[in-house]
Each structure stands twice: as C-alpha cells, then as structure tokens.
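The values are calculated or read from the model by the stated rules, or taken from the named source; none is laboratory data. The model shown is predicted, which means the values in this text are computed figures rather than measured ones. Note: ideal-geometry Cβ built from the backbone for every residue, glycine included; neighbour counts use all protein chains shown. These accessible areas exclude ligands, DNA and RNA; they are computed on the full protein's heavy atoms, side chains included. Shrake-Rupley method; radii C 1.70, N 1.55, O 1.52, S 1.80 Å.
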Amino acid sequence: MSGRVVQRSDPGTRVAQENSNDSAWLANADRPLTGYPRIFGDVGTTRSLRTRGGIEDVAAMAKKGGLTVADLERQQFADRAPAGDLAAADAAKACAALPGGRATGSDGTSVDVSAACGVLARWDRTVRTGSKGALLFDRFWRKAARTVPQAELWRVPFSPAAPVSTPNTLNTAAPGLSRALADAVTELRAARIALDAPLGEHQFVVRNGKRIPVPGGTEALGVWNKVEAPWDAARGGYSEVAHGSSYIQAVGFDGGSCPAARTLLTYGQSSDPTSAHYSDQTELFSAGRMVRGRFCEKDILASPKLKVVRVSER
C-alpha cells in the first residue's frame, strides 16, 4: 500500500491519514495513537523514510484542501525521493570536497568519483523514468544505509517529539559515506552504465521482448511509489520488478453524484503474452497514467470503446 488519504469536510476540520505498512502510531501524525498492545506495532521509534515521506506528502495535500481524484493521481506519480531531499545536496558537497576527487572503495582501491559530484547535485530528487542521477543516488544510498550505523549517518538524532522530521542532516564525516560512493561509482562503471543515465534505461520490465521503463524506487529512498527489483548489472540494472506498487486506485466524488475513479494494474491485466492486455497497463504505469473507471450511464455511453450488444427473445 502506497498510502491512504482521508479528507473530512467538517467545518474547520481537515484530517489526513496515511499508512505505509507501518504501525498505527502515526496514521494521523497530528494525533498519534498510543495505548494499544505492543503486538499491534511500536510507538516512539524511528519511522521509515517511506512513512515520513508519505506523511509529508499527505499533510501537504490536506493543507491544500479541495482535493480531486486528479490530485491523487498526480501524487501517485510524483515520485519524490525523500532520502534525496535529506541527503543528496550534502552528499554532493562532501563528494566535491574529497582530496583529488578520490574515495577509497571497500576493496581498498582508490576511485575517481569527481564526476559523481555534479550528477548528485543536479539530480531532480525524483525517481521518474527520465530522472538523471536517480540511479547513482539509489546505488549509493542503499550501500550507505546498509553499512553506516544510523547513529553515525545523521547529525540530528531521532526524537519522538518530532518523528516525521528526525533524524536529519547527513553526517558527511562518517567514513562509510565516501566508501559507499566509491563502490557505487565502481559498480556502475563496471556495468558500463553512465553515472547520469536516466533511471528508466536501467529500471524496467520486459514484455514480449520490449523494455518498458518503470518509475518508482525502493523502501530505503522513502518513495511513495514503492518498486523493488533485483539488481542484475549483466541484464542492464533493475530488471523485472519483484514487488511494490501493484493495484493502484484513486477514488472520490469530486462534487458529483457519480464516483470518479482511476485504477491501474501495474503488471498488466492479462498474464497471457498473446493478449492485447498483457502489457497495456504496464505501459500506462510507465507513462504515469491510469485507467478511468466508468460507473454512471453518461460515462459509459461516452466511452470510445463502448460496444453495445442487444439481446432479445423471439
């Protein structure tokens, strides 16, 4: 589940709720839930970046108010990477400050990482298919988050009083960061992948021999549009998504009597490779689009794919 948004129209009241497969503690971050048995989830502990990012995004939508189904659809494909917002600029500065533009990798090899500094600085902090720098940051951040202890990764530690905004401020003095960057640069170069290659060229699925770029990112990046795929440099990067965003829907009434709905099956509506629907919705997912649901007669009659069959008895 990427998230939930609930907007109440009570006078003077607007409540946003979000859950990213986390405990119920911060389902409504303005009114944390406590007092329930520990078996239902913990409270007062560090939240994942995906939870934090989701809360930030939902809070921004709730503040805006007047939400429509189109707003929810745009949010699904915004593909903001909260980890990038928190760490990319500082990582780029730390990279630029390395003596001679070199860092030592895990194997003790000195690596020229100077070209990575500008790529990280220019990255748009999203994981859209055309985003340049997203792949480099992703490979760097996975290694950093896995090898650098949380207590060393951030300058400002977690505070239960500010669970959405802490921890923060990258600790650029942590020695594991430059090592993670060196390893990421070495990895991409060994695979002959440009440091600024668009994400979609190396995060994709193959349907009937055709590569379809896939947006989104891993849990560690904090992305709303969660996508998890195994890294296989020999096959071009992240090929064949294993799990993540699958069935997506955005539903509302938008002031009318008929529900407005957008849905999507990211893996395609049919598992039959010979079907016309084998990859149609996967391609929509790649393009950041959804399928319009039609519930009321006027919407059904307006469908360009409408086919009417009249059946009668003799």
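For ASP124, the solvent-accessible surface with a 1.4 Å probe is about 80 Å², rounded to the nearest 10. Annotation: average projected area of the stretch 244-311 is 6.4 square nanometres, based on the convex hull of Cα atoms across all directions. A protection proxy built from the mean count of other Cβ atoms within 10 Å ranks the segments 94-101, 293-300, most packed first, as 94-101, 293-300.
Take LEU26, LEU306 and sort them by solvent-accessible surface of the protein heavy atoms, 1.4 Å probe, largest at the top.
LEU306, LEU26
Using θ = phi - 60° in the Karplus curve 6.51 cos²θ - 1.76 cosθ + 1.60, the 3J(HN,Hα) couplings for the stretch 147-159 round to 10, 9, x, 3, 5, 9, 6, 10, 7, 9, x, 5, 10 Hz; x is entered for Gly and Pro. Ligands, DNA and RNA left out, the accessible area of the chain computed with a 1.4 Å probe is 52% carbon and sulfur. For the chain, the longest principal axis of the alpha carbon atoms and the long axis of helix 82-96 meet at an angle near 30°. Considering the dipole of the chain built from charges on the beta carbon (Lys and Arg +1, Asp and Glu -1) around the Cα centre, which of ASN171, LEU264, ALA81 is farthest to its positive end? Value: LEU264. With no solvent and one equal point scatterer placed on each C-alpha of the chain, evaluate the Debye formula and give log10 I(q)/I(0) for q = 0.08, 0.16 Å⁻¹, two decimals. Each listed q corresponds, in turn, to -0.43, -1.34.
Out of all DSSP beta bridges with both ends in the chain, state the antiparallel percent to the nearest 5.
90 percent
Can you find, among VAL111, ALA91, LEU72, the residue farthest towards the positive end of the dipole of the stretch 70-119? Put +1 on the C-beta of Lys and Arg, -1 on that of Asp and Glu. With unit charges placed on the Cβ atoms, the residue in question is VAL111. Applied to the stretch 161-176, the Karplus parametrisation 6.51 cos²θ - 1.76 cosθ + 1.60 on θ = phi - 60° returns per-residue 3J(HN,Hα) values of 7, 9, x, 7, 9, 10, x, 7, 6, 4, 8, 5, 7, 5, x, x Hz, with x for Gly and Pro.
Accessible surface calculations at 1.4 Å, restricted to protein heavy atoms, place the chain at 52 Å² per residue. For a paramagnetic label modelled on THR34 (point 7 Å from Cα along Cα→Cβ), amide N atoms under 20 Å away belong, within the stretch 157-171, to 157-167. Close amide H contacts of GLY130 (hydrogens built in the peptide plane, cut-off under 5 Å, sequence separation of 5 or more or a different chain): GLY200.
Annotation: amide H-H contacts under 5 Å for ALA229 (H modelled 1.01 Å from N, sequence separation of 5 or more, or interchain): ALA242. Among the trypsin sites (Lys or Arg not before Pro) within the stretch 152-212, those in coil by DSSP and having at most 14 neighbouring Cβ atoms inside 10 Å are ARG192.
Placing unit charges on the Cβ atoms only, positive for Lys and Arg and negative for Asp and Glu, gives the stretch 180-285 a dipole magnitude near 160 debye about its Cα centre. When the residues GLU228, GLU283 are ordered by accessible surface, computed with a 1.4 Å probe over the protein chains alone, the sequence from largest down reads GLU283, GLU228.
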